[in-house]
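The structure under discussion appears below in the form of structure tokens.
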Amino acid sequence: MVSKVLTANRLSDGISVWLDAAGNWVEQLQDAFVARHAEAVTALEATGKQAFDDNKVVDANVVDVEEVNGTLRPLRMRERIRAEGPSIPYAAGYNGLSGPKHAA
Amino acid sequence: MYRYDEFDHAFVSSRVEQFRDQVERRLSGELAEDAFKPLRLMNGVYLQLHAYMLRVAIPYGTLSSRQMRMLAHIARKYDRGYGHFTTRQNIQYNWPRLSDTPDILDELASVEMHALQTSGNCIRNVTADHFAGAAADEVADPRPYAEILRQWSSVHPEFSFLPRKFKIAVTGAERDRAAIQVHDIGLHLKKDEDGRIGFAVYVGGGQGRTPMIAKKIRDFLPEEDLLSYTTAIMRVYNLHGRRDNKYKARIKILVHETGAEELSRQVEVEFAALKDTELKLPEVDIQAISTYFAPPALENRAEGWESLARWKKTDPEFARWVQQNVQPHKHPDYGMVTISLKPIGGIPGDASDAQMDAVADIAEEYAFDEIRVSHEQNLILPHVALADLEPVYRALVASGLATANAGLITDIIACPGLDYCALANARSIPVAQEISTRFGSPERQAEIGELKIKISGCINACGHHHVGHIGLLGVEKKGAELYQITLGGSGDENTSIGEIIGRGFEPEKVTDAVETIVDTYLGLRRDGQETFLEAYRRVGPQPFKDALYGSAQEAA
């Protein structure tokens with residue numbers, strides 16, 4: 001079956017997050033827990049619903065990924081862009097992703 | 001420009017405090033997402049791919065320097081150092097924290113701004129000609145009427161839960177620079193034979209998945225009937241608009257299914273009942289609002305003619321910028337300056353905090369403190385003396401804001417697309433960047449002349465692709481991006497919806513396809529004066545189809 005990860009947006013700041021194996025919401029797709037069989041996917045879905053109900057995250061979804069040379073890659077471009085950020089540099093003057101206020 | 005009165009201040013402040021309480025309750029878990037979502041949307045807060053997005057209203061695109069500085073401050077303090085000016089004359093921030101949004105709205109309120117009705121099924125920001133109050137060809141300034149509509153429609157209890165969102169645009173000239181025929185209601189300010197001010201009223205235009213050109217249902221509506229007639233339209237729509245199907249809920253579908261004649265009849269019935277009620281606009285009220293929009297005291301600055309000619313002779317880059325980005329003002333010693341937010345290879349509509357501050361400074365020093373946002377995602381200084389054009393240009397150059405491409409092929413409208421938007425199916429910005437880079441040479445752009453490219457990353461058409469001379473629509477096909485091309489669209493007084501030219505193009509081929517279209521046009525135009533749109537309307541799609549696909553393949 002297709003491997004899957006659980007992703008959402010954090011309630012407080014909306015930043016895209018993924019669920020890791022320890023049950024934490026992390027900002028890097030590569031740290032995500034990968035479900036490789038149906039039971040694990042069911043568990044992810046339940047975890048996503050619980051985190052939504054607990055007001056930790058919004059828009060929780062299980063998405064398809066593939067593993068290429070040990071790197072996770074979402075199958076849909078939408079999810080790849082969510083994981084990697086906009087595919088473009090920002091407006092002139094922008095100082096990079098890790099500004100003091102929004103350090104990852 | 002309009003200044004808040006005590007009621008406005010109290011109202012906006014109370015909404016900020018109300019929203020602060022709602023956000024606190026949401027973050028504490030007291031409010032669930034299902035309950036909170038409509039509340040945050042009413043305050044302009046969306047959830048996009050990477051983060052929340054805050055859309056701030058800029059009524060009819062008019063800003064003061066003080067307000068622009070606040071937009072820069074918000075970009076710097078609460079976002080990632082930039083903002084995105086939109087086709088609805090608003091600004092969007094792509095990275096605000098939900099927990100910061102009450103503070104952002106509080107800061108906006110301090111300069112008489114807010115984010116109300118930038119989302120939801122209500123009457124959205126009323127847009128207007130970005131040259132309002134300055135254009136030589138206007139009958140009257142459309143902004144007082146836009147402001148009257150704004151006040152009337154703000155949290156209007158009857159029209160806060162419409163079948164779908166509702167957009168009104170007003171233009172004050174025969175030359176339509178507000179794209180009124182692709183709005184739910186389009187108002188064209190005009191005078192009748194007795195010299196009275198009124199409006200031609202268009203209804204049921206729109207883009208999205210079902211593009212429609214609005215129908216004119218009134219040739220002349222006296223100005224005092226603006227609110228009663230608009231209310232009549234809204235009532236007919238509110239009653240009969242399709243609430244059963246989101247995709248058929250806009251008034252354009254109602255107009256289409258009912259027929260303009262019958263819809264007009266229903267509106268007239270409502271109007272007859274409303275005409276002589278409290279909705280009738282007293283002349284004194286129109287005058288009072290108009291006073292806020294009185295033009296600045298423009299002194300004669302005839303010395304500018306000589307100095308302008310001299311500067312143009314010594315600096316060809318400056319001359320090119322004046323030629324392309326400065327339009328004649330109603331006062332002969334002044335011009336209307338377009339500040340391009342379309343640097344070659346850049347992101348259409350984006351401006352950094354430093355650029356916003358720079359525009360505020362320039363407007364304060366040289367342009368009577370007035371700035372506009374155009375629906376083509378540029379900024380405008382509506383009143384600049386010809387004598388001041390050179391220092392304005394130098395200041396813009398220093399901030400990377402002097403691209404001389406207004407109305408040219410690199411002046412591209414693009415929605416945020418899949419780089420930001422949760423609804424998008426394909427990216428828009430990188431496509432715009434590649435086309436801009438390909439055609440970036442000033443000489444080549446000048447040779448091509450007026451050509452409007454508009455790009456949307458999904459069928460919702462925020463990038464106005466239906467009315468692009470060349471329109472690009474990004475779709476997802478088998479998990480990959482594909483771009484459909486439409487030709488012959490236009491959003492002016494001769495509005496037309498572009499025609500799909502054939503099968504779509506992969507991202508790596510779409511710029512080549514655009515180049516093929518442009519080269520075909522250059523090869524068949526009558527002379528250098530015939531624009532792309534004129535040529536397309538003369539010859540139709542076939543030469544372009546042949547060039548893109550080959551005549552045999554298209555026939556098959």
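Evaluate the charge dipole of the protein assembly as shown about its Cα centre and quote only its size in Debye, nearest 20, assuming +1 on the Cβ of each Lys and Arg and -1 on the Cβ of each Asp and Glu.
Here the size comes out at about 1520 debye.
Within 10 Å of each Cβ in peptide A:52-65, how many partner chain Cβ atoms are there on average? Round it to a whole number, please.
2
If you wrap a convex hull around the Cα atoms of the range A:3-84, how much volume per residue is inside, in Å³? Mind dumping the intermediate values first?
Details: hull volume 6.5 nm³, N = 82.
About 80 Å³ per residue, rounded to a whole number.
Given H placed 1.01 Å from N in the peptide plane, which residues other than close sequence neighbours of residue B:136 have an amide H under 5 Å from its amide H?
Long-range HN contacts for residue B:136: B:330.
So, in Å, what gap is there between the alpha-carbon centers of the range B:416-431 and the range A:1-65?
Cα centroid to Cα centroid, the span is 23 Å.
FRET efficiency for residue B:110 and residue B:288, Cβ-Cβ distance as r, R0 = 25 Å, nearest 0.05?
The pair residue B:110/residue B:288 has a calculated efficiency of 0.55.
How would B:393, B:145 line up from fewest to most surrounding beta-carbon atoms within 10 angstrom?
Values: B:393 24, B:145 28.
Taking fewest neighbouring Cβ atoms as first place, the list is B:393, B:145.
For residue B:534, what is the net charge nearby, where nearby means another residue's Cβ is under 12 Å from its Cβ and Lys, Arg count +1, Asp, Glu -1?
Local net charge: +1.
Using helices alone, what [θ] at 222 nm do you get for chain B, with -39,500 (n - 2.57) per DSSP H run of 4 or more residues, divided over all residues and rounded to the nearest 500?
After summing the helix terms and dividing by residue count, I get -12000 deg cm²/dmol.
Mind listing the phi-derived Karplus ³J(HN,Hα) values for the range B:52-61, rounded to whole Hz, using 6.51, -1.76 and 1.60 with θ = phi - 60°, and x for any glycine or proline?
6, 10, 10, 9, 9, 6, 10, x, 6, x
Treat the count of other C-beta atoms within 10 Å as a stand-in for reagent exposure and order B:443, B:223 from fewest to most.
B:443, B:223
For the range B:416-511, state what percent of all Cα-Cα pairs lands in each successive 10 Å bin, counting from 0 Å until the bin that includes the largest distance.
For the range B:416-511, the pair-distance distribution reads 18, 47, 30, 4.
Could you please tell me the mean projected area of the C-alpha convex hull for chain B, averaged over all directions and given in square nanometres to one decimal?
Over all viewing directions, chain B projects a mean Cα-hull area of 26.3 nm².
Report the charge-dipole magnitude of the range B:135-292 in Debye, nearest 20, computed about the Cα centre from +1 at each Lys and Arg Cβ and -1 at each Asp and Glu Cβ.
Details: 24 positive and 25 negative charges, 231 e Å.
Dipole magnitude for the range B:135-292 comes out near 1100 debye.
How far is the Cα center of the range B:199-225 from the Cα center of the range B:42-115, in Å?
If you average the Cα positions of each part, the centres end up 30 Å apart.
Residues of B:419-428, mean number of Cβ from any other protein chain within 10 Å of their own Cβ, rounded to a whole number? Present the calculation step by step, with values, prior to reporting the outcome.
Numbers: counts 6, 4, 1, 4, 0, 3, 2, 2, 5, 0.
Mean partner shielding for this stretch: 3.
Does anything in the range B:308-327 have its amide N under 15 Å from the 7 Å Cα→Cβ label point of residue B:136, and if so which residues?
B:323-327
In peptide B:408-418, what is the residue-averaged number of other protein chain Cβ atoms found within 10 Å of each Cβ?
Neighbouring Cβ atoms belonging to other protein chains average 1 per residue here.
Each residue of the range B:359-373 in turn: what ³J(HN,Hα) in whole Hz from Karplus with 6.51, -1.76, 1.60 and θ = phi - 60°, glycine and Pro shown as x?
5, 4, 4, 5, 4, 5, 7, 10, 9, 6, 6, 10, 9, 10, 10
What value, in deg cm²/dmol to 500, does the helix sum -39500 (n - 2.57) over DSSP H runs of n ≥ 4 give at 222 nm once divided by the residues of chain A?
Dividing the helical sum by the residues of chain A leaves -7000 deg cm²/dmol.
Can you tell me what the convex hull of the Cα atoms of the protein assembly as shown projects to on average, as an area in nm²?
The directionally averaged projection comes out at 31.4 nm².
So for the range B:308-457, averaging the separation of alpha carbon pairs under 8 Å that are six or more residues apart and normalising by length, what relative contact order in percent results? It would help to have the intermediate numbers written out before the result.
On the way: 264 pairs, mean separation 39.2, N = 150.
Reported as a whole number, the value is 26 percent.
Take the Cα gyration tensor of the range B:303-398, multiply each eigenvalue by 5, square-root it, and list the three semi-axes largest first, rounded to whole angstrom.
After scaling each eigenvalue by five and taking roots: 21, 15, 12 Å.
Go through the range B:69-75 residue by residue and turn each phi into a ³J(HN,Hα) via Karplus (6.51, -1.76, 1.60, θ = phi - 60°); whole Hz please, and just put x for glycine and proline.
Values, residue by residue: 5, 5, 4, 5, 4, 5, 4 Hz.
What distance in nm separates the simple spin-label points at residue B:503 and residue A:2, each placed 7 Å from Cα in the Cβ direction?
In this crude spin-label approximation the distance works out to 2.4 nm.
Mind checking the full-extension length gain between residue B:323 and residue B:209? Use 0.36 nm per residue of separation minus the Cα-Cα distance, one decimal, nm.
Stretched out fully, the residue B:323 to residue B:209 stretch lengthens by 37.3 nm.
What is the sum of charges, Lys and Arg at +1 and Asp and Glu at -1, for the other residues whose Cβ falls under 10 Å from the Cβ of residue B:507? Each step should come with its number before you reach the end.
Numbers: positive: B:427, B:509; negative: B:434, B:481, B:506, B:508.
That sum, taken over residues with Cβ under 10 Å, equals -2.
With each label point set 7 Å from Cα along the Cα-Cβ vector, what nm distance links residue A:50 and residue B:398?
About 5.9 nm, to one decimal.
Return the long-range amide H neighbours of residue B:333 (sequence gap of 5 or more, or a different chain), with a cut-off of under 5 Å between placed amide H atoms.
Amide H neighbours of residue B:333: B:301.
Sorted from fewest to most neighbouring beta carbons within 10 Å, what does the list B:336, B:1 look like?
Lowest count first: B:1, B:336.
In the protein assembly as shown, what % of DSSP beta bridges are antiparallel (nearest 5)?
The answer is about 85 percent antiparallel.
Roughly what would the spin-label model give for residue B:174 and residue B:20, points 7 Å off Cα along C-beta, in nm?
Modelled inter-label distance: 5.3 nm.
Could you work out Rg/(2.2 N^0.38 Å) for the range B:135-292, with Rg from alpha carbons only?
1.00
Find the eigenvalues of the gyration tensor of the Cα atoms of the range B:6-109, then list the square roots of 5 times those eigenvalues as equivalent ellipsoid semi-axes, largest first, in whole angstrom.
22, 17, 12
State which entries of B:167/B:330; A:49/B:478; B:252/B:454; A:49/B:37; B:37/B:165 exceed 19 angstrom in Cα-Cα distance in the structure shown.
B:167/B:330; A:49/B:478; B:252/B:454
Within chain B, which cysteines find no other Cys whose Cβ is under 4.7 angstrom from their own?
Among the cysteines of chain B, those whose Cβ sits 4.7 Å or more from every other are B:122, B:421, B:458.
Taken together, the values in this text are just the output of simple stated rules run on the coordinates, not laboratory data. Keep in mind the model is a prediction, meaning the values are calculated, not measured. In this analysis, Cβ positions are derived from the backbone assuming ideal geometry, glycine residues included, and neighbour counts consider all displayed protein chains.
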